[in-house]
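Read through the structure below, which is laid out as structure tokens, and then see the notes.
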Amino acid sequence: MNKFMRTMTAAAVMAMVGFAGQTMATELVVVSWGGAYTASQQNAYHAPYMKNNPGIKIINDDSAGSAVAKLRAMKQAGNTTWDLVDAVASDAMRLCDEGLVDVIDHDNALASAPDGTPASKDFGDFIVSECFIPQIVYSTTFGYRKDKVSRPMSSICDVFDLKSFPGKRALEKKPINNLEWALICDGVAPSKVYDVLGTNAGVKQALAKLDTIKSKVVWWTSGSQTPQLLADGEVVVGSTYNGRLFKLIEVDKQPVSMLWDWQVFDLDGWVVPSGTKNKAAVMKYLKFATDTQRLADQAKWISYGPTRASSAPLVGNHNSLGIPMAPHMPTDPLNAKTTLLFNYEFWADNRDDLDAKFNAWLLK
Amino acid sequence: MEKIQENIVTADGIPLKISLARAQRRSKIVAFMMVFPLLVFIVVAFIGPIADMLLLSIDNSIVKKILPKSSEALQNWDEYSGELPGEAVFAAMVDEIKKAKAAKEHTRVGQRLNYESSGFSSLFRKAGRKVTKIKTPPFKEALIKTDKRWGEIYTWQVIKQNSSSYTEGYYLAALDFKRKFSSGNIESLESKDSIYLKLFFRTIVLSSLITFLTFVIGFPLSYMLSTVSTRISNILIIFVLLPFWTSLLVRTTSWIALLQQEGVINDFLVLVGFINEEGRLAMIHNATGTVVAMTHILLPFMILPLFSVMKTIPKSYVRAAISLGAHPWKAFWKVYFPNTGAGIGAGSILVFILAIGYYITPALVGGSSGTFISNRIAYHISSSLNWGLGSAIGVILLGIVLLFFVFYDRIVGINNMKLG
């Protein structure tokens with residue numbers, strides 16, 4: 001019993017020491033997407049920053065997928081426990097609209113480019129919201145099983161061509177992107193896609209085009225599903241985020257090729273939750289984590305393009321594979337011959353309506 | 001007798017009746033204190049959120065809160081007169097959008113109205129950008145100049161009809177009705193546009209099927225468990241519980257590996273020549289996948305109540321029936337089976353209620369024909385942020401569960417339920 005008590009006391013004392021040791025460092029809770037993506041941020045941003053700033057401890061939270069709803073709930077409860085959140089641009093805009101994240105003064109808060117170009121110019125058009133600090137350009141695009149097709153797929157419309165490319169396709173269970181691709185393959189001029197999609201007839205046209213492959217579609221809800229479906233041979237071609245396909249092809253060595261035609265660019269970046277208890281520490285961290293070199297460094301671990309114009313020339317080789325990363329970037333000229341940019345305003349307006357129509361169509 | 005009793009006193013001179021009442025009160029307080037933490041917990045963690053959800057599904061305070069003067073001024077405007085509202089309404093609107101813009105609230109009005117009619121999100125976002133430049137009247141022309149939609153009667157009809165404190169709009173949407181703002185009438189959606197009624201129906205049908213399948217598989221298994229020796233039944237129970245201790249996601253993805261077209265089962269069937277390469281069966285990413293995976297996941301909830309009830313049924317009952325001349329089948333059906341009723345009831349209602357609210361498994365293996373209504377709730381809560389609609393669907397689902405519960409109570413009786 002005595003020994004037991006002694007052990008317990010020792011454990012309690014150690015726990016208290018540990019606790020005191022922790023409270024001395026400022027803890028920043030950084031919310032991101034987990035997996036390879038958080039790992040790339042850990043390697044490129046968090047680890048070097050913590051090394052130079054021993055007083056800061058960065059804690060990763062992988063719940064970015066439900067961040068918008070959680071930030072809203074935190075605000076309503078009056079207790080914001082997150083310090084920095086990684087969000088896609090459309091969500092950043094919604095969060096900014098609702099006043100759930102702080103407005104950023106990009107030029108004063110962020111580092112200038114090495115040649116002195118102010119941050120707002122270096123990021124340029126990628127600053128789609130005054131609350132948003134762009135980080136990467138990613139794209140939603142297709143990968144296909146090169147061993148299961150008679151000839152390489154080169155056009156987005158090959159996805160809709162069941163005769164030449166039989167087999168199942170993986171598409172995201174959302175109207176976004178799918179409706180655009182359907183219209184392009186139904187002969188609508190790419191520049192007119194959103195004009196057409198804004199009308200009832202246009203939506204009908206897009207859904208009618210999707211009808212032609214509906215029976216062969218596996219609908220995914222998480223970006224990790226398509227790589228698995230491709231690896232299992234369950235689908236011949238499928239859409240997902242380009243970084244996932246890079247890993248499938250280069251790291252996992254699966255017989256899959258990229259189909260970059262009409263890839264849809266989107267942005268991902270940081271937002272600072274309003275009401276964070278460590279605002280000053282977060283802003284200091286952000287200045288470091290979004291400078292030219294850091295953004296270029298991230299591309300060593302994942303194939304997403306940096307959003308600063310000044311970072312592009314600095315993109316080097318993959319950290320472990322040693323292959324040059326530039327040709328795997330969605331923004332590489334060879335990959336970006338035909339692209340769409342996520343139309344934020346159109347989807348903010350029509351998301352609810354088209355989502356209802358899309359789901360009704362799915363149920364038919 | 002009465003009198004004598006009243007006169008009985010305890011050793012310290014207090015009448016026995018009072019003393020007894022005191023002692024009982026003390027024990028009542030102690031008993032209450034014991035359940036008090038649970039009561040607080042239930043109120044805070046269960047009743048509170050449900051009440052909050054109920055309120056959220058009818059709450060419509062945003063427009064009125066952010067545009068108070070405009071919504072009041074709109075009350076005097078006849079929305080079916082065919083004319084735009086007057087200058088006073090426009091003046092109030094310009095003023096309030098300016099204020100809302102300063103407080104960063106104008107887009108919230110836009111988002112709220114966008115749930116009712118597409119386009120309001122950009123209308124208010126644009127107005128917020130441009131309205132600061134409007135300084136002098138006439139406000140009507142100036143506002144219409146920022147966007148021609150302000151000059152459409154329909155825009156103002158939508159705002160007026162959504163400016164009351166409460167709305168039935170979310171329930172209408174959750175039941176596939178739509179309000180036509182140009183006439184104020186409520187119309188039901190065409191069957192090809194209907195979503196939620198179809199999903200409610202599908203959820204109930206598939207949940208019933210899953211409940212039935214867990215019963216068909218679980219009943220003989222529980223019977224065997226209750227008849228073999230304790231040593232063997234303990235080992236078998238572990239096999240029943242083992243999946244319980246495995247992550248839900250792992251169990252679900254294992255089913256994907258088994259059932260998909262390039263999966264284990266299809267490979268085997270092709271190997272033995274039961275089907276050919278082209279005829280591989282589609283058993284996942286559809287309703288079949290949902291039913292198979294969920295039957296497996298929910299099976300323990302059927303087996304455990306059944307097992308605990310069957311263990312208490314004396315073997316002598318059936319023996320007695322047989323020795324009195326009953327056919328073994330008749331003895332089982334007339335004597336044994338009715339005694340398991342409490343377990344069947346408990347297991348069925350447990351599985352059914354759990355199934356009706358499941359959303360992870362249907363999302364992963366359900367494709368488009370095997371998703372449940374709960375997937376739409378999850379979408380509206382975490383993705384579209386239309387919490388009002390999500391709450392309304394949630395309340396209806398809660399109503400359906402309670403309805404089934406009442407049915408169950410009428411037919412079987414809730415007191416007969418035995419959970420183990």
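The values are calculated or read from the model by the stated rules, or taken from the named source; none is laboratory data. From a predicted model like this one, the values you see are computed outputs, not experimental measurements. Cβ: placed from backbone, ideal geometry, glycine included. Neighbour counts: every protein chain shown. Ligands, DNA and RNA are stripped out before the accessible areas are found, and what is left, the full protein with its side chains, is counted by its heavy atoms. Shrake-Rupley method; radii C 1.70, N 1.55, O 1.52, S 1.80 Å.
Can you give the convex hull volume per residue for the Cα atoms of region B:196-416, as a whole number of Å³?
Details: hull volume 36.3 nm³, N = 221.
Dividing the Cα hull volume of region B:196-416 by its residues yields 164 Å³.
Tell me, how many Å apart are the Cα centres for region B:73-89 and for region A:260-292?
Each part's Cα centre sits 45 Å from the other's.
Averaged per residue, what accessible surface does region B:2-46 expose to a 1.4 Å probe, in Å²?
On the way: 4280 Å² over 45 residues.
Accessible area per residue: 95 Å².
Would you work out which of A:Thr339, A:Pro313, A:Ala356 lies farthest towards the positive end of the dipole of chain A? Charges go on Cβ: Lys and Arg +1, Asp and Glu -1.
Final value for the positive-end residue is A:Ala356.
Averaged across B:118-125, how many Cβ atoms of other chains sit within 10 Å of each residue's Cβ atom? Numbers along the way, then the final one.
On the way: counts 8, 5, 1, 10, 6, 1, 1, 5.
Averaged over the peptide's residues, the number is 5.
Ignoring ligands, DNA and RNA, how do A:Asp261, A:Asp125 rank by accessible area with a 1.4 Å probe, largest first?
On the way: A:Asp261 30, A:Asp125 145 Å².
From most exposed to least exposed: A:Asp125, A:Asp261.
Skipping prolines and chain starts, which residues have an amide H placed within reach, meaning under 5 Å, of the one on A:Lys168, given they are 5 or more residues away or on another chain?
A:Val236
State whether region B:63-164 is rounded, prolate or oblate according to the following rule on the C-alpha gyration tensor (a ≥ b ≥ c being the square roots of its eigenvalues): a/c under 1.5 gives rounded; otherwise a/b larger than b/c gives prolate, and the remaining case gives oblate. It would help to have the intermediate numbers written out before the result.
On the way: a/c = 1.34, a/b = 1.09, b/c = 1.24.
It is rounded, given that a/c, with a ≥ b ≥ c, falls under 1.5.
List the GluC sites (Glu not before Pro) in region B:157-206 that DSSP assigns to loop (not H, G, I, E or B) and whose Cβ has at most 10 other Cβ atoms within 10 Å. Which are they? Walk me through the intermediate numbers first.
Working: sites: B:Glu168, B:Glu187, B:Glu190; in loops: B:Glu168, B:Glu190.
Taking region B:157-206 and a limit of 10 other Cβ atoms within 10 Å, the loop GluC sites (Glu not before Pro) found are B:Glu190.
For the pair A:Ser155/B:Val40, report the inter-label distance in nm, with labels modelled 7 Å from Cα in the Cβ direction.
7.0 nm
For region A:330-354, which residues drop by 50 square angstrom or more in accessible area between the chain on its own and all protein chains together (1.4 Å probe)?
Listed by number, the residues meeting the 50 Å² cut-off are A:Glu345, A:Asp349, A:Asp352.
Would you kindly derive the ³J(HN,Hα) couplings of region A:120-136 from the backbone phi angles with the Karplus curve 6.51 cos²θ - 1.76 cosθ + 1.60 (θ = phi - 60°), listing them in order in whole Hz, with x for Gly and Pro?
So the Karplus estimates, Gly and Pro as x, are 4, 7, 5, 7, x, 5, 5, 6, 8, 8, 6, 9, 9, 10, x, 10, 9 Hz.
Under a 1.4 Å probe, what is the accessible area of region B:63-164 per residue, stated in Å²? All intermediate terms of the calculation are to be shown ahead of the outcome.
Values: 4550 Å² over 102 residues.
The answer is 45 Å² per residue.
Per-residue ellipticity at 222 nm for chain A, helices alone: DSSP H runs ≥ 4 residues times -39500 (n - 2.57), over residue total, nearest 500 deg cm²/dmol? Write down the numbers at each step before the final one.
On the way: 15 runs with 141 residues, N = 364.
Calculated from helices alone, the mean residue ellipticity at 222 nm is -11000 deg cm²/dmol.
Send over the semi-axes of chain A's equivalent ellipsoid, whole angstrom and largest first, taken as the square roots of 5 times the C-alpha gyration tensor eigenvalues.
Working: eigenvalues 308, 112, 102 Å².
Computed over chain A, the values are 39, 24, 23 Å.
Between region A:36-103 and region B:105-131, what is the C-alpha centre distance in whole Å?
Result: 26 Å between the Cα centres.
Mean Kyte-Doolittle of at least -1.0 plus a Cα span of 30 Å or more along the axis: flag which DSSP H helices in chain A meet both, please. Intermediate values should be presented prior to the final figure.
Numbers: long enough: A:2-24 (33 Å, 0.62).
Going by DSSP H runs, the hits are A:2-24.
Per-residue mean of other chain beta-carbon atoms within 10 angstrom of the beta-carbon, peptide B:88-98? Mind showing how you got there, number by number?
Values: counts 0, 0, 0, 0, 0, 0, 0, 0, 0, 0, 0.
Average neighbour count from other chains, rounded to a whole number: 0.
Using only DSSP helix segments of four residues or longer, with each worth -39500 (n - 2.57), what per-residue ellipticity at 222 nm results for chain B after dividing by its residue count and rounding to 500? Intermediate results must be reported in sequence, preceding the final value.
Working: 22 runs with 275 residues, N = 420.
Helix-only estimate at 222 nm: -20500 deg cm²/dmol.
When all C-alpha to C-alpha distances in region B:214-294 are sorted into bins of 10 Å, what percent of pairs does each bin hold, rounded to whole numbers?
16, 32, 30, 19, 2
First measure r as the distance between the Cβ atoms of A:Asn53 and A:Ala189, then evaluate 1/(1 + (r/R0)^6) with R0 = 51 Å and state the FRET efficiency to the nearest 0.05. If you can, show how the numbers build up before the last one.
On the way: r = 52 Å, r/R0 = 1.02.
Here the calculated transfer efficiency is 0.45.
What are the DSSP H helices in chain B that stretch 20 Å or more along their long axis, judged by alpha-carbon atoms, and whose average Kyte-Doolittle hydropathy comes to at least -1.0?
On the way: long enough: B:16-42 (38 Å, 1.14); B:87-102 (23 Å, 0.28); B:196-227 (46 Å, 1.42); B:287-311 (35 Å, 1.52); B:341-356 (22 Å, 2.22); B:387-411 (36 Å, 1.89).
Qualifying helices, which must be both long enough and hydrophobic enough, are B:16-42, B:87-102, B:196-227, B:287-311, B:341-356, B:387-411.
Nearest 100 Å² is fine: what is the total accessible surface buried where chains B and A meet, probe 1.4 Å? If you can, show how the numbers build up before the last one.
Values: alone 24230 and 16910 Å², together 37740 Å².
The summed interface area works out to 3400 Å².
Across region A:322-332, in residue order, what do the Karplus-derived ³J(HN,Hα) couplings come to in whole Hz, using 6.51 cos²θ - 1.76 cosθ + 1.60 with θ = phi - 60° and x for Gly and Pro?
With coefficients 6.51, -1.76 and 1.60, one gets x, 8, x, 8, 3, x, 9, 6, x, 7, 4 Hz.
Which order do B:Arg129, B:Arg280 take by accessible area at a 1.4 Å probe, largest first? Could you put the intermediate results ahead of the total?
Working: B:Arg129 125, B:Arg280 35 Å².
Ranked list, largest accessible area first: B:Arg129, B:Arg280.
Looking at chain A as a GNM with Cα springs under 10 Å, which of A:Lys209, A:Lys168, A:Lys253 has the largest mean-square fluctuation?
A:Lys253
Identify which of A:Lys163, A:Lys70, A:Lys287 has the largest mean-square fluctuation in a Gaussian network model of chain A, with springs joining Cα atoms closer than 10 Å.
Most flexible of the set in this elastic network: A:Lys163.
For region B:164-171, just list the computed ³J(HN,Hα) in residue order, Karplus coefficients 6.51, -1.76 and 1.60, θ = phi - 60°, integers in Hz, with x standing in for Gly and Pro.
Those phi angles translate into 8, 5, 10, 9, 9, x, 5, 5 Hz.
Please work out the Cα center distance from region A:301-322 to region B:175-238, rounded to the nearest Å.
Region A:301-322 and region B:175-238 have Cα centres spaced 49 Å from each other.
Taking amide hydrogens as modeled 1.01 Å from N in the peptide plane, which residues meet the under 5 Å criterion relative to A:Gly305, leaving out close sequence neighbours?
Residues meeting the criterion, in which the H sits 1.01 Å from N, are A:Val137, A:Thr331.
Over the whole of B:379-386, what's the average partner chain Cβ count within 10 Å per residue? Rounded to a whole number, please. All intermediate terms of the calculation are to be shown ahead of the outcome.
Details: counts 5, 3, 4, 6, 8, 7, 8, 2.
Across B:379-386, the average partner-chain Cβ count within 10 Å equals 5.
Return the distance in nm (one decimal) between the two label points of a simple spin-label model at B:Arg149 and A:Ala208, each offset 7 Å from Cα along Cα→Cβ.
Rounded to a tenth, the inter-label distance reads 2.7 nm.
May I ask you to list the GluC sites (Glu not before Pro) in region B:241-318 that are in a DSSP loop and have at most 16 other Cβ atoms within 10 Å of their Cβ?
Values: sites: B:Glu262, B:Glu277, B:Glu278; in loops: B:Glu262.
Answer by residue number: B:Glu262.
So what is the relative contact order of chain B, in percent, for Cα pairs below 8 Å that sit 6 or more residues apart?
On the way: 454 pairs, mean separation 68.9, N = 420.
So the answer I get is 16 percent.
If eta is 1.002 mPa s and T is 20 °C, what Stokes-Einstein diffusion coefficient results for chain B, Kirkwood Rh from Cα pairs, in µm²/s?
This corresponds to a translational diffusion coefficient of 78 µm²/s.
Plugging the Kirkwood radius over Cα pairs into Stokes-Einstein for the protein assembly as shown, at a temperature of 25 °C and a viscosity of 0.890 mPa s, what D comes out in µm²/s?
Answer, rounded: 80 µm²/s.
Show the residues, 5+ positions off or on another chain, whose built amide H is closer than 5 Å to the amide H of B:Ile195.
The answer is none.
Set the Förster distance to 56 Å, then compute FRET efficiency between B:Ile217 and B:Glu83 from the Cβ-Cβ distance, nearest 0.05.
Values: r = 68 Å, r/R0 = 1.21.
Once rounded, the FRET efficiency stands at 0.25.
Given a 1.4 Å probe, show me the residues in region B:235-270 buried by at least 40 Å² of accessible surface when comparing the whole protein assembly to the chain alone.
Relative to the lone chain, where solvent access is computed with a 1.4 Å probe, region B:235-270 loses at least 40 Å² at B:Gln260, B:Gln261, B:Glu262.
Under a point spin-label approximation (7 Å from Cα along Cα-to-Cβ), what is the A:Ser120-B:Asp95 distance to one decimal in nm?
Output for this residue pair reads 3.2 nm.
Taking just the alpha carbons, could you work out the radius of gyration and Dmax for region A:50-118, both in angstroms?
14.9, 45
By DSSP, what percent of the beta bridges with both residues in the protein assembly as shown are antiparallel, rounded to the nearest 5? Don't skip to the end; give the middle numbers.
Values: 30 of 47 bridges.
In the protein assembly as shown, DSSP labels about 65 percent of beta bridges as antiparallel.
With viscosity set to 1.306 mPa s at 10 °C, what whole-number translational diffusion coefficient in µm²/s follows for region B:236-337 from Stokes-Einstein and a Kirkwood radius over Cα pairs? Don't skip to the end; give the middle numbers.
Numbers: Rh = 17.0 Å.
Answer from the Stokes-Einstein relation: 93 µm²/s.
Which semi-axis lengths, in whole Å and largest first, follow from the square roots of five times the eigenvalues of the Cα gyration tensor of region A:239-364?
Values: eigenvalues 160, 130, 39 Å².
Semi-axes, largest first: 28, 25, 14 Å.
Please list the three semi-axes, largest first and in whole Å, of the ellipsoid equivalent to region B:2-46, using sqrt of 5 times the eigenvalues of its alpha carbon gyration tensor.
Details: eigenvalues 270, 18, 4 Å².
Equivalent ellipsoid of region B:2-46: 37, 9, 5 Å, largest first.
With unit charges on the beta carbon (Lys/Arg positive, Asp/Glu negative), name the residue among A:Val264, A:Phe246, A:Ala119 whose Cα is farthest towards the positive pole of the charge dipole of chain A.
Selected residue: A:Phe246.
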